[in-house]
Amino acid sequence: MIEIICGEKGKGKTKELLARVNSSVESSNGNVVYLDKSQKHMFELNNKIRLINVVDYPISNCDEFIGFICGIVSQDNDLEEMYLDSFLTIASLSDEGDIVKAIEKLDVISEKYKVKFILSVSKDKNNLPECAKAKVVVAL
């Protein structure tokens, strides 16, 4: 399952994502991972949440990012939820085709390994590809 929190830059997507991840960890039976483009939010996250700074790794395109996600999933059989802040940036997605490809692959990973992905996307809902619009849970 994929959920998307979308909106233009500065609308409060990260604040919404942080609130969701911190509340979900209390009711989660498995592990929770938060991917970001910096360590900036380390002290805002519950200490049970694993923060990964994606910028520390040499990821330069969609395929490398999906491989990175698969590596995380393969190393943690108890992984239940993965929160991806600044999704377009950390996944190195530049055009609509890459966004569609990434979401389709995340859908497959989610279904097969029972991991829920919650994405923060810096785009207005109307500017998202059709496959992403149906997954929007919060539009800011």
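The values are calculated or read from the model by the stated rules, or taken from the named source; none is laboratory data. These figures come from a predicted structure and were not determined experimentally. No Cβ is skipped: glycine too gets one built from the backbone with ideal geometry, and neighbour counts run over all protein chains shown. For accessibility, only protein heavy atoms count, side chains too; no ligands or nucleic acids. Shrake-Rupley method; radii C 1.70, N 1.55, O 1.52, S 1.80 Å.
Would you be able to tell me the number of residues in the stretch 92-140 that are of a type in the set (Lys, Arg), assigned to a helix (DSSP H, G or I) and closer than 18 Å to ILE66 by Cβ?
The number of residues fulfilling the criteria is 3.
Within the stretch 33-48, the set of residues being under 13 Å from VAL21 (Cα atoms), in contact with a strand residue (DSSP E or B) (Cβ under 8 Å, 6 or more places away or on another chain) and either open to solvent by 40 Å² or more (accessible area, probe 1.4 Å) or of a type in the set (Ser, Thr, Tyr) (or both) comprises TYR34, MET42, LYS48.
The selection criterion, being β-branched (Val, Ile, Thr) and in contact with a helix residue (DSSP H, G or I) (Cβ under 9 Å, 6 or more places away or on another chain), holds for ILE49. With a requirement of 1 or more residues that are more than 12 Å from the chain's Cα centre (by Cα), the helices (runs of 4 or more DSSP H) lying completely within the stretch 9-91 that satisfy it span 13-27, 62-74.
Kindly indicate whether GLU80 is surrounded by fewer than 19 Cβ atoms within 10 Å (Cβ to Cβ) and under 16 Å from ILE118 (Cα atoms).
yes
Applying a threshold of 7 Å to beta carbon distances and a minimum spacing of six or more residues, or different chains, the list of pairs starting in the stretch 29-44 at a residue that is within 20 Å of PHE65 (Cβ to Cβ) and ending at one that is of a type in the set (Val, Ile, Thr) and open to solvent by 80 Å² or more (accessible area, probe 1.4 Å) reads LYS37/VAL55; LYS37/THR89; SER38/VAL55. Going residue by residue through the stretch 91-105, is there one that turns out to be among the acidic types (Asp, Glu), open to solvent by less than 50 Å² (accessible area, probe 1.4 Å) and modelled with pLDDT under 95? Yes, because at least one residue in the stretch 91-105 is among the acidic types (Asp, Glu), open to solvent by less than 50 Å² (accessible area, probe 1.4 Å) and modelled with pLDDT under 95.
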